[in-house]
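What follows is one structure encoded as structure tokens, with my remarks underneath.
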Amino acid sequence: MSNGGTNNNIHSDIVRLMGENVNNLSLYDDSRAWKILRIKEINRRYQTHGLLLQECGTDFRQLAANQSLDILLGDSDCRMVTANNVTESSARTQHGGVAALNFPRLAGFTLETGKDKNGLGRWVYTYVGTSTRKTRIVTAYRPVKPSRSQLKGNQRDWYTVWSQHRRYIRKKGLGNISPRALFSRDLVRQLLTWKDAGDEIILFMDVDDHVYKGRLPKRFGERDLMMTERFLTANGFEAPNSYYHGSRPITGCFCTRLSASGATQGTTPEMCCETDMCRLPPTAQETH
């Protein structure tokens, strides 16, 4: 999705961000490196300044230095922040996880990076700006309760993001709150803290719900946050289905009112994405 067209002639006052649910980057499996290659291709094609990823499927703690996302994407000069569930031990691949990378142009405006303080890897952010205007660029993944047909046995259920968060809730004695409700409560509190501090917010997330009709997106639009979904405001019509087999848009970019007109002083944010990367098959060259 984009604020306006995604042509290759980027005006000097445009900051172009790309967001994507990558459905497991498979960073430990060289035979599936086509996803990294495709991200590099899209970055090169659209000359993006920032990258926001959900469902990375990686325990980033176990990556070797040469497996780091900035190295694999060929840009060690970027500012990067990654997060996955660190509240329990994990195999190298782990359901969920998010990452944000600011490439050199935007990296120069990056003041700090941060992540979900609960250690669940639900969101990360980069804080960009100047002395007069600052913006939190956030990417988040919201857990969804898997259906029985998706589980295919108790062993698989153990690894889902939903089950990870349920174990955390039990361990912390948080009562009967669901992982989804916990996520929504904590994220809204965090967004309100940032907004009350005077920060603008650009949030790209996999809502796992309709981005216009769902309860959490409607909460973003309430008076205290006043966030709008950027595709709709920029284009005048709703975003298409996020997944080529899907029936609704579930990934969206939500902005506070001021950040719709500027991410840093004198710049405008522009969002682009390729709906759902799991729909993009590797080319013959990439599979060999």
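Just a few scattered comments:
- Accessible area of residue 45 in the full protein assembly, 1.4 Å probe (Å², nearest 10): 90
- Cα gyration tensor category, rounded, prolate or oblate, for segment 166-243 with a/c compared to 1.5: oblate
- Extension gain, residue 41 back to residue 219 (0.36 nm per residue minus Cα-Cα distance, nm): 60.5 nm
- Accessible surface computed residue by residue for segment 17-59, with neighbouring protein chains in place and a 1.4 Å probe, gives 32 Å² per residue.
- With 5 Å bins beginning at zero, the pair-distance distribution over Cα atoms of segment 82-192 amounts to 2, 11, 19, 20, 17, 12, 8, 6, 3, 1, 0 %.
- Extension gain, residue 192 back to residue 171 (0.36 nm per residue minus Cα-Cα distance, nm): 4.9 nm
- Restraint check, 172/195; 117/218; 117/145, Cα-Cα greater than 31 Å: none
- Simple label model, 7 Å out from Cα along Cβ direction - residue 30 to residue 13, nm: 4.9
- Aspartates and glutamates whose Cα lies under 14 Å from that of residue 213, excluding same-chain neighbours fewer than 8 positions away: 222, 229, 238
- Å³ per residue enclosed by the Cα convex hull of segment 15-75: 82
- Probe 1.4 Å - accessible area at residue 222, Å² to nearest ten: 90
- Burial order of peptide ranges 128-134, 19-25, 171-177, 102-108 (average beta-carbon count within 10 Å, highest first): 19-25, 102-108, 128-134, 171-177
- Counting only protein heavy atoms and a probe of 1.4 Å, the accessible surface of segment 33-108 is 47% carbon and sulfur.
- Rounded to the nearest whole Hz, the Karplus-based 3J(HN,Hα) values (6.51 cos²θ - 1.76 cosθ + 1.60, θ = phi - 60°) of segment 116-130 follow the sequence 3, 6, 6, x, 8, x, 7, 7, 9, 8, 10, 10, 10, x, 10, with x at glycine and proline.
- Accessible-area value, residue 231, 1.4 Å probe, nucleic acids and ligands omitted, Å²: 30
- Cross-link reach list, aspartates and glutamates versus residue 171, counting only Cα pairs under 19 Å and skipping chain neighbours closer than eight places: 88, 116, 157, 186
The values are calculated or read from the model by the stated rules, or taken from the named source; none is laboratory data. Given the structure is predicted, the values throughout are model-derived calculations rather than measurements. Don't worry about glycine lacking a Cβ; one is built from the backbone with ideal geometry, like all the others, and counts go over all protein chains shown. All accessible areas refer to the heavy atoms of the entire protein, side chains included, with ligands and DNA or RNA removed. Shrake-Rupley method; radii C 1.70, N 1.55, O 1.52, S 1.80 Å.
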